[in-house]
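Please read the structure below before turning to the comments.
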Amino acid sequence: MYNGQELGATYKKEYTSFRVWSPTAQRLKVVIYKEYFDCSGIEYEMNHCEDGIWELKLAGDYKNKYYNYKVTMDGKENETIDPYAKGASLNGNRGLIVDFASIDPSGWESHEAPAPLKPTEAIIYEMHIRDFSVDVNSGMVHRGKYLAFTEAGTKTQEGLSTGIDHLKELDITHVHLLPIFDFSSVDERLDKGYNWGYDPYLYFVPEGSYATNPYDGTARIVELKKMIMKLHENNLRVIMDVVFNHTADIENSPFHILAPGYYYRRYPDGTYSNGSGCGNEIATEKSMVRRFIVDCVKFWATEYRIDGFRFDLMALIDTETMAEVQTQLRAINPAILIYGEPWTGGNSALDYHEQFKKGNQRGMGIALFNDSFRNAIKGDNDGTGLGFATGATDLVHEIKKGIVGSISYSDSICGFTETPCETINYVSSHDNLTLYDKIKGSCPNASEHEIERMNRFAMAIIMTSQGIPFIHGGSEILRSKQGNSNSYNAGDEINKVHWSSKAKHIETFNYIQGLIAIRKAFKGFMLDKPEDVRNSLRFIDSPANTVAYLLNSRLKDGAEYLFIIHNSNRHDIEMCLPLPGEWHLLANGCNASPLGLLGSEACQNSQIAVTPLSTYVLIKI
């Protein structure tokens, strides 16, 4: 284990220091290239130090020069990029020596990130860089690029806001970006290459295909920072999707070239563990791998001021590593969001008790995707199974577990979390069918109107539950991928946000916008302590296939009592109001507003009729 100085290339005007870990190398050289396309460069011998480290301090100004390592093992020399490279040439062929201060966009150092939030105040919106803007009806100039997120005033042909203005209208708090570090599946020279990016190659380098000039190693850095700064200036925080469970391949990975056999998890017989489903697993439990992961997230949190991290297949990361990640990131930013998938993609050689699965997160300040709540609301991911919002009749208990944030609420309502901060509540994400496609496939006889109503209903349950709500970008305008359940490389036509859908489904957009406003207006929806949930939330007896509960927020936000009713029936129900007095309607199945619904009379009777497939929210005046 090496606990010493920073690894990689560290630039100063007077010199650049290189430091790489390669414990079994016989010889190591730095190769400096003046331009990324040069066929040959100048080679400098590195010094072999303790703990497997090779070092070189090269006098002179090497800013914006490209470099690689040549490593000799068993008498054979191979060239590789530095796994700690902070910049890179086209397609990650060579590392770039970066002086970040000299290329930072104007205002970067002085710009302020949005004010800290507690986790349950977050509303996350997941989006892929290219999907967001590549549609010709997006109105954006830099379609498919980082810079699209910096464009204000963009509109559809119908005159509706797109891009960053759309996000501001919706009033989400965090933008979760699918992988933005360098991945291997897209040729950066081709503008039409497509992939989600879950095939990582260079973990410290932004992906070049999203830059306007992938040939210039600084462009991707500058443009990503411009994007982050613009989002921050518009009160939007940035979450980075990270993939530390596997790499694109083994043989071409700098991990394997510099330290054969070390970075990848194996079974005792030497075969590679494949819990990722991608042919390999990174051995996170090893000390230098753990250091790499911690170094990486700290770099993004400081250099790029990232506000949160989503971990792919987090169960393939050992609990000790995740604990260290949490400790180090919270030292940088106490409000940083950390969450991920509490499952693997297959069997793993990592001991089951070391896998970061449900339950292991208790008390750590790390949240998990709540697949139990997801399935209870919509049914299975890609099949025809039904959920509470789509016609199942036996899921009231599971819905209640999700509503309370999956805490230990009572002897019978008990979930996997210690606090509501540990659950990410969602009904769809980039994986699997979109919510619209899932509803359409599992309810083949439903009309478009009914599908849209079920879409709203499912999202209303998420928005009114304890925990952290998560929106798959485009769900607010009934995004479809034409039934493709695994569109990771299916291209723009399947994956892009069709911005014309906003006009077609403007009522649903306005409804989701209204639900977000209600959630943000009343703190009773954002409780972060389990005792507050137990003391403030009381379930009310209600007809079959419905859930009703009373929230006593007591948080001086103008709402002493809120009454929420979820009716999954295909018919109206009558509900008795839980307390005497005057109640006002904030949301029904079609409209939502924290100011109350226009034209709705105060409910002074003892009952209210609740329409089918709808969530009603009432406030006691």
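The values are calculated or read from the model by the stated rules, or taken from the named source; none is laboratory data. This is a predicted model, so every value here is computed, not measured. Here the Cβ positions follow ideal geometry from the backbone for every residue, glycine too, while neighbour counts run over all protein chains shown.
Worth pointing out:
- Top-ranked residue of segment 397-417 - restricted to ones that are under 24 Å from the mean Cα position of the chain (by Cα) and assigned to a helix (DSSP H, G or I), ranked as surrounded by the fewest Cβ atoms within 10 Å (Cβ to Cβ): Ile399
- Being in contact with a Gly (Cβ under 6 Å, 6 or more places away or on another chain), farther than 19 Å from Gly581 by Cβ and at pLDDT 95 or above is a condition met by at least one residue of segment 491-503.
- Residue in segment 376-385 that is crowded, with 24+ Cβ neighbours inside 10 Å, under 20 Å from the mean Cα position of the chain (by Cα) and at pLDDT 95 or above present: no
- Note on segment 498-516: residues that are over 20 Å from Gly589 (Cα atoms) and in a loop (DSSP other than H, G, I, E, B) amount to 2.
- Ile332 being of a type in the set (A, V, I, L, M), under 27 Å from Met127 (Cβ atoms) and crowded, with 21+ Cβ neighbours inside 10 Å: no
- Residue check for Leu160: at negative phi and surrounded by 22 or more Cβ atoms within 10 Å (Cβ to Cβ): no
- Scanning segment 361-391 for residues that are of a type in the set (A, V, I, L, M, F, W, C) and touching a residue at least 40 places away in the same chain (Cβ under 8 Å) yields Met364, Ile366, Ala367, Leu368, Phe369, Phe373, Ile377, Leu386, Phe388, Ala389.
- For segment 401-412, the criterion of being without any contact (Cβ under 8 Å) to a residue 40 or more places away in the chain and among the charged types (D, E, K, R) is satisfied by at least one residue.
- Exclusive hit being among the aromatic types (Phe, Trp, Tyr) and in contact (Cβ under 8 Å) with a residue 40 or more places away in the chain, set Tyr36, Tyr44: Tyr36
- Each residue in segment 590-609 was checked for being modelled with pLDDT of 90 or more and either closer than 17 Å to Glu507 by Cβ or buried (at least 22 other Cβ atoms within 10 Å of the Cβ) (or both), and 5 pass.
- When segment 91-126 is filtered for residues that are under 30 Å from Ser465 (Cα atoms) and part of a helix (DSSP H, G or I), the ones remaining, listed by number, are Pro119, Thr120, Glu121.
- Per the conditions (1) more than 22 Å from Val497 (Cα to Cα); (2) charged (D, E, K, R); (3) in contact with a helix residue (DSSP H, G or I) (Cβ under 8 Å, 6 or more places away or on another chain), the sole criterion not satisfied by Glu422 is (3).
- Qualifying residue in segment 376-389 (condition: among the small types (Gly, Ala, Ser), in contact with a strand residue (DSSP E or B) (Cβ under 7 Å, 6 or more places away or on another chain) and in a loop (DSSP other than H, G, I, E, B)): no
- Some residue of segment 340-358 being more than 28 Å from Ile250 (Cβ to Cβ), charged (D, E, K, R) and in a loop (DSSP other than H, G, I, E, B): yes
- Members of segment 475-497 that are closer than 22 Å to Phe388 by Cα and not in a helix (DSSP H, G or I): Leu478, Arg479, Ser480, Gly483, Ser485
- Take the conditions (1) among the charged types (D, E, K, R); (2) modelled with pLDDT of 95 or more; (3) buried (at least 16 other Cβ atoms within 10 Å of the Cβ); (4) in a loop (DSSP other than H, G, I, E, B); Arg570 misses just one of them, which is (3).
- Checking segment 285-296 against the condition returns a match, with at least one residue being out of contact with any Leu (no Cβ under 7 Å at 6 or more places or on another chain), under 21 Å from Pro254 (Cβ atoms) and of a type in the set (Ser, Thr, Tyr).
- Yes/no for Ile180 being surrounded by 22 or more Cβ atoms within 10 Å (Cβ to Cβ), modelled with pLDDT of 95 or more and under 30 Å from Ala88 (Cα atoms): yes
- Criterion (out of contact with any helix residue (DSSP H, G or I) (no Cβ under 9 Å at 6 or more places or on another chain) and buried (at least 17 other Cβ atoms within 10 Å of the Cβ)) met by exactly one of Pro214, Pro206, Pro200: Pro200
- Residue count for segment 23-37, restricted to those that are loosely packed, with under 14 Cβ neighbours inside 10 Å, over 18 Å from Ala259 (Cβ atoms) and not hydrophobic (A, V, I, L, M, F, W, C): 2.
- Tyr66 in contact (Cβ under 8 Å) with a residue 24 or more places away in the chain and touching a Lys or Arg at 6+ places or on another chain (Cβ under 7 Å): yes
- The number of residues in segment 540-566 being in a strand (DSSP E or B) and either modelled with pLDDT under 95 or not assigned by TED's automatic domain parsing to the domain that holds Leu579 (or both) comes to 0.
- Identity of the residue in segment 306-321, in contact (Cβ under 8 Å) with a residue 40 or more places away in the chain and farther than 22 Å from Val205 by Cα, that ends up surrounded by the most Cβ atoms within 10 Å (Cβ to Cβ): Leu316
- Yes/no for Gly92 being closer than 30 Å to Thr16 by Cβ, surrounded by 19 or more Cβ atoms within 10 Å (Cβ to Cβ) and among the small types (Gly, Ala, Ser): yes
- In summary, strands (runs of 3 or more DSSP E) completely within segment 1-89 and bearing 1 or more residues that are farther than 20 Å from Tyr203 by Cα occur at 15-21, 27-33, 42-45, 53-59, 66-73, 76-80.
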